[in-house]
1. Is there any pair linking a residue in the range 128-150 that is closer than 20 Å to Phe66 by Cβ to one that is β-branched (Val, Ile, Thr) and surrounded by fewer than 17 Cβ atoms within 10 Å (Cβ to Cβ), with Cβ under 8 Å and at least six apart or on different chains, and which?
2. Determine which member of the set Glu142, Glu152, Glu96, Glu160 is in contact with a Ser or Thr (Cβ under 7 Å, 6 or more places away or on another chain) and open to solvent by 70 Å² or more (accessible area, probe 1.4 Å).
3. For Ser186, only one of the following conditions fails: (1) closer than 18 Å to Leu34 by Cα; (2) assigned to a helix (DSSP H, G or I); (3) in contact with a Ser or Thr (Cβ under 8 Å, 6 or more places away or on another chain). What is its number?
4. For Ala149, indicate whether it is touching a helix residue (DSSP H, G or I) at 6+ places or on another chain (Cβ under 6 Å) and modelled with pLDDT of 95 or more.
5. Only one of Thr110, Thr103, Thr95 is within 24 Å of Leu42 (Cβ to Cβ) and among the β-branched types (Val, Ile, Thr); which?
6. Quickly run through the range 177-201 and pick out the residues that are aliphatic (A, V, I, L, M), modelled with pLDDT of 90 or more and open to solvent by 40 Å² or more (accessible area, probe 1.4 Å).
7. Being hydroxyl-bearing (Ser, Thr, Tyr) and part of a helix (DSSP H, G or I) is the filter; apply it to the range 66-80 and report the residue that is surrounded by the fewest Cβ atoms within 10 Å (Cβ to Cβ).
Amino acid sequence: MSQSAFTSAPLESAGPASPMPVSIFIKQLKEEHLRLTRLVQLLEGALCLRTDATAPNIGLLVDTLFYLTRFPDVTHHVIEDRIVERLLRMNALPTEIGLQIETQHATLITEGRDLLRDLEAATRGGSMSQELVDMRIRLYAERLRHNMAIEELTLFPAAEKNLNADDWRAIEGTGGINEADPLFGSVVDKRFSELYEEINEEVSVAEAGIAS
């Protein structure tokens with residue numbers, strides 16, 4: 001699988017001369033969800049088998065959580081929160097749904113950073129319950145999967161129906177949209193090269209299974 005299958009273009013500015021449909025931006029957010037789903041699958045699968053300091057997968061697990069807490073938490077989810085706030089001001093999204101999505105994001109940030117801290121401590125020989133950490137990892141993965149499902153069922157359709165290019169320019173104007181993705185961008189950060197190869201391998205195995 002070539003790198004181009006995973007790379008993501010930054011969300012482009014909708015300039016005044018040629019505004020882009022909101023559906024284009026929502027499509028890009030959905031594509032980011034597909035890539036995040038790959039990481040959820042890694043968290044739910046082989047990477048969770050062992051989380052002690054000598055486990056061969058511990059570095060990949062740390063890198064996965066490092067990425068999730070350093071990129072989606074501060075870019076992807078931030079953009080979604082801005083969409084929520086704009087829709088709420090327009091009375092175009094049920095308040096309980098908006099609050100649920102924002103609360104999910106806040107929970108993911110806290111749990112992701114706590115998990116990363118504990119796993120980094122494990123790589124330095126710190127003691128922790130493998131069973132407890134595995135349970136927390138799986139819960140974190142399930143929370144992220146559920147958050148994406150809720151957004152695709154409620155937030156994204158509401159945004160496509162009610163927001164226009166001017167709304168998106170206002171969302172974009174506060175910054176944070178054009179951050180380069182260090183894992184799925186056009187250039188993979190050296191730190192994530194092993195994780196990127198793991199994702200490639202997982203996809204290749206899945207495609208081989210479909211083809212057989």
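1. Matching pairs, first to second residue: Arg143/Thr107; Arg145/Thr37; Met148/Thr37.
2. Going through Glu142, Glu152, Glu96, Glu160 in turn, just one is in contact with a Ser or Thr (Cβ under 7 Å, 6 or more places away or on another chain) and open to solvent by 70 Å² or more (accessible area, probe 1.4 Å): Glu160.
3. For Ser186, the exception is condition (2).
4. no
5. Thr110
6. Listed by number, the list holds a single entry, Val187.
7. Across the range 66-80, the extreme among qualifying residues is Thr69.
The values are calculated or read from the model by the stated rules, or taken from the named source; none is laboratory data. Nothing here was measured: the structure is a model prediction, and the numbers come from that model. For neighbour counting, all protein chains shown are included, and Cβ atoms are generated from backbone atoms with ideal geometry for every residue, glycine included. Accessible surface areas use protein heavy atoms only, side chains included; no ligands, DNA or RNA. Shrake-Rupley method; radii C 1.70, N 1.55, O 1.52, S 1.80 Å.
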